[in-house]
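To keep things clear, I will list the structure first and then write my remarks on it.
The values are calculated or read from the model by the stated rules, or taken from the named source; none is laboratory data. All values reported here derive from a predicted model rather than from experimental measurement. Cβ coordinates were reconstructed from backbone atoms using ideal geometry, including for glycine residues, and neighbour counts include every protein chain displayed.
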Amino acid sequence: MVAGTIIGASIFVQPSEIARHLDSPTAIMLAWAVCGTLTLFGALVCAELASAFPVTGGLYVFLRDSFSPLAGFLWGWAMFWTMHSGIVAAIAVVFARYAAFFVPVGDTGIRAIAVAAIVALSVLNYVGVRAGSRVQTAFTCAKLAAIAGIVVLGLVLPHTSAAASAGAAPASAGTAHEFLLALVAGLFAYGGWHMVTYTAGETTLPARTIPFALLAGVAIVTAAYIALNVVYLRVLPLEAVRSSTRIAADAADAVAGRGGSAFMAALVMMSSIGGLTGIVLTGPRVYYSMAQDRLAPAWLGRAHPVHRTPANAIIAQAIWASVLAASGAYRELFTRVIYTEWLFFALMAAGLFLLRRRPAYRPAFRVPFYPLVPIVFISASLAIVVNQFASEPRDAALGLGFVLAGVPVYYLRHAHH
């Protein structure tokens, strides 16, 4: 689930974003490795917290119990209205765009396919966590096998672009600012690593299983990403890596001739739907937990009498994500709000310092190299937020404003109870 949720469509797009900021293949590979390390640090923090609070809700529970119910509420508020539902809509649209490679449809057709994908996966998860996780396991195995195939072909087959890469003009002086921008682009491709914690209440031996899943999943993803980028840089000139809008398809064409594009379109569709299965599955568990705590409408806290799934929360998420996909509104929300996730990640890691001082705190797993790991992770998270404000102050302020709009809603709810 960790590997399947992280490996969505980004690895087939984001490498060009990273390459635009950096001036050499070495710097590009370093950026991917640093992103993998930072994701691992975040996963280690998450693993300790999940072993201490092995209940449904994940990050919401960690923020609620280490800081206050308000911190947890704001995470859930931002998740439902923008961050999580926006990701569901965005990935469904990517799936639909690549489906249009095989069945040409207009913009309306693409939106209809995106909504159909959201509804179908919501129905699957409504019927039970086992059905959803089986589908995701199948897609994850298939896409990892396909990635392994691309890597082997890319490394074995002869290529001609090494000289072109060596002679490519540098894109920038490789400043610290450019490297930070490259890291932000790379970390988006690693997004979703924390989502497995949302399902802890439905996991066998969660205090042991979830830390292992987080660490093994992030390691698999990092290896896959680095290997894919080695292939991209081996078969394409550096300038082509920078300018490509669909780098994976271009690399596949270079390796396998014109048939490569159809193969890559199918792989991106499979990858998107596999990632989407996990994302559709995890979000409703947070809204369900919030309703149990009376921080969300009570009807969201209803479990299905037969399937034992958070049925109403799944329906609510499906409706809102479908609206975002059909209207195209997810783009605006996504670009403005997605960075705020990192504010919450910094808070989550800071919560570890508070919890470790409490005598009742008994995690089954402890972060190695504490306090260095959480400090590095907090610093990186805050650097991303500061960087976002420096490069797009208006959009960043709007995004933060939307999150903070949850504060009066929280106090209004409290006044009613």
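Of the set (1) modelled with pLDDT of 90 or more; (2) aromatic (Phe, Trp, Tyr); (3) in contact with a Ser or Thr (Cβ under 9 Å, 6 or more places away or on another chain), all apply to Trp77 but (3). Every residue in the stretch 220-262 that is of a type in the set (Val, Ile, Thr), assigned to a helix (DSSP H, G or I) and farther than 22 Å from Leu40 by Cβ, please. Within the stretch 220-262, Val231, Val235, Val241, Ile247, Val255 meet the criteria.
Kindly indicate whether Ala185 is modelled with pLDDT of 85 or more and assigned to a helix (DSSP H, G or I). It is false that Ala185 is modelled with pLDDT of 85 or more and assigned to a helix (DSSP H, G or I). Looking only at the stretch 11-24, filter to residues that are crowded, with 24+ Cβ neighbours inside 10 Å and not aliphatic (A, V, I, L, M); which one of those is nearest to Leu181 (Cα to Cα)? Restricting to residues being crowded, with 24+ Cβ neighbours inside 10 Å and not aliphatic (A, V, I, L, M), the top hit is His21. Considering the stretch 336-373 alone, what residues qualify as being in a helix (DSSP H, G or I) and either surrounded by fewer than 14 Cβ atoms within 10 Å (Cβ to Cβ) or on the phi > 0 side of the Ramachandran plot (or both)? Once the filter is applied, which keeps residues that are in a helix (DSSP H, G or I) and either surrounded by fewer than 14 Cβ atoms within 10 Å (Cβ to Cβ) or on the phi > 0 side of the Ramachandran plot (or both), the stretch 336-373 yields Leu354, Leu372.
Mind checking which residues of the stretch 206-253 are within 19 Å of Gly275 (Cα to Cα) and without any contact (Cβ under 8 Å) to a residue 12 or more places away in the chain? Residue satisfying the conditions is Ala223 alone.
Taking into account only those residues within the stretch 237-264 that are acidic (Asp, Glu) and under 22 Å from Ala142 (Cα atoms), which is farthest from the chain's Cα centre (by Cα)? Full working, then the answer.
Step one: list which residues in the stretch 237-264 are acidic (Asp, Glu), which gives 239, 250, 253.
Of the ones still in play, those that are also under 22 Å from Ala142 (Cα atoms) are 250, 253.
Details: Asp250: 24, Asp253: 27 Å.
Among them, the one singled out is Asp253.
Checked against (1) under 25 Å from Thr209 (Cβ atoms); (2) in a loop (DSSP other than H, G, I, E, B), Ile314 passes all but a single condition, namely (2). Scanning the stretch 43-62 for residues that are touching a Pro at 6+ places or on another chain (Cβ under 9 Å) and either farther than 19 Å from Met290 by Cα or outside any loop (DSSP other than H, G, I, E, B) (or both) turns up Ala43, Leu44, Val45, Cys46, Ala47, Glu48, Leu49, Ala50, Ser51, Ala52.
Only residues that are among the hydrophobic types (A, V, I, L, M, F, W, C), surrounded by 21 or more Cβ atoms within 10 Å (Cβ to Cβ) and over 16 Å from Asn125 (Cβ atoms) were counted in the stretch 305-332, giving 2.
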